[in-house]
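The values are calculated or read from the model by the stated rules, or taken from the named source; none is laboratory data. Keep in mind it's a predicted model, so treat the numbers as computed, not measured. Note that each Cβ is placed from the backbone with ideal geometry, even for glycine, and that neighbours are counted across all protein chains shown.
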Amino acid sequence: MTDKSPLGGRVVAVPESRHLEVLAGLLEKRGATIVRCPLVAIRDTDDEAAVVAWLERIVASPPDAIVLYTGEGVVRLADFAARAGLDARFIEVLGRSALVTRGPKPKRALRALGLSPTHEAPAPTTAGLIAVLETLPLDGKRLAVQLYDEVPPPELADHFARRGIAADYVSPYRYATRADDDAVAALIERLARGEIDAIAFTSKSQVERLYSLAAARGLDGKLSEGLARTRVAAVGPVVAAELASHGVRVDVVPEESFHMKPLVNALEASFVERG
């Protein structure tokens, strides 16, 4: 596969953190040379008491539905519950609740707990989540909502307000920078010099971190120039939309199953199609 793959000899930048070696390994098996630059790490929230209080509310009085944005959130909520001695009760509540998931990652995390979502968003976006929520009789109901950020997306909050839905939010994790600033700046310089054939983004936060550092270092122009001459791959539509919001041309997005192997397959196929 290595010799025949169109990724053979290509230099691919990988800003992934948590599953860096998984993604790097998939690419290396196809002959790519990897530039590792993990941009973002994920940590438990600093406010553990708030998460435990949320879990206690959920198990004491199960909501009408539970909305789960991310697989990371499901995993960390289960870990918080275990540390608080609430794991059995939390899993029980999940098992008898209407579970609404945004994308494939929370679905896989639920499967690891022996559970399945009741309703899945048609697209792994907030708009997709709202689309499925619109079909459910939730007016005036109480929902528990696991977020990927500290505040809910405005359009989701507006949807809840319009329908009189009482939402109980929890943010079980936070993002922290991982690669030091000099390493990120060096990546931008390499992109601008045309030394990188492709870059594969797997989260919105990676894009935000890259542009934040570029702005702080006065490298905005070089970043734009570098990405314009590099094949840009996004793991799914959320990441692609974030890149597009910065004026980046997104060359590669898997058609479905928005995770690492389809991303690598789509990137490989793009080099077959366009060379």
Task: Only one of LEU138, LEU143 that is more than 27 Å from GLU16 (Cβ to Cβ), touching a residue at least 40 places away in the same chain (Cβ under 8 Å) and part of a strand (DSSP E or B) - done: LEU143
Task: Subset of segment 14-59 that is of a type in the set (Gly, Ala, Ser) and either within 30 Å of ASP87 (Cβ to Cβ) or in the same structural domain as SER171 (by TED's automatic domain parsing) (or both) - its residue that is surrounded by the most Cβ atoms within 10 Å (Cβ to Cβ) - done: SER17
Open item on the list: Regarding segment 56-68, can at least one residue be identified that is out of contact with any helix residue (DSSP H, G or I) (no Cβ under 8 Å at 6 or more places or on another chain), assigned to a strand (DSSP E or B) and more than 25 Å from VAL22 (Cα to Cα)?
Closed with: yes
Open item on the list: Given the condition touching a Lys or Arg at 6+ places or on another chain (Cβ under 9 Å), surrounded by fewer than 16 Cβ atoms within 10 Å (Cβ to Cβ) and outside the structural domain of GLY221 (by TED's automatic domain parsing), answer yes or no: does some residue in segment 100-111 qualify?
Closed with: no
Open item on the list: Checking the condition free of Cβ contacts under 8 Å to residues at least 12 places away in the same chain and either more than 13 Å from the chain's Cα centre (by Cα) or closer than 11 Å to VAL59 by Cβ (or both), which residue from ARG96, ARG89, ARG111 passes?
Closed with: ARG111
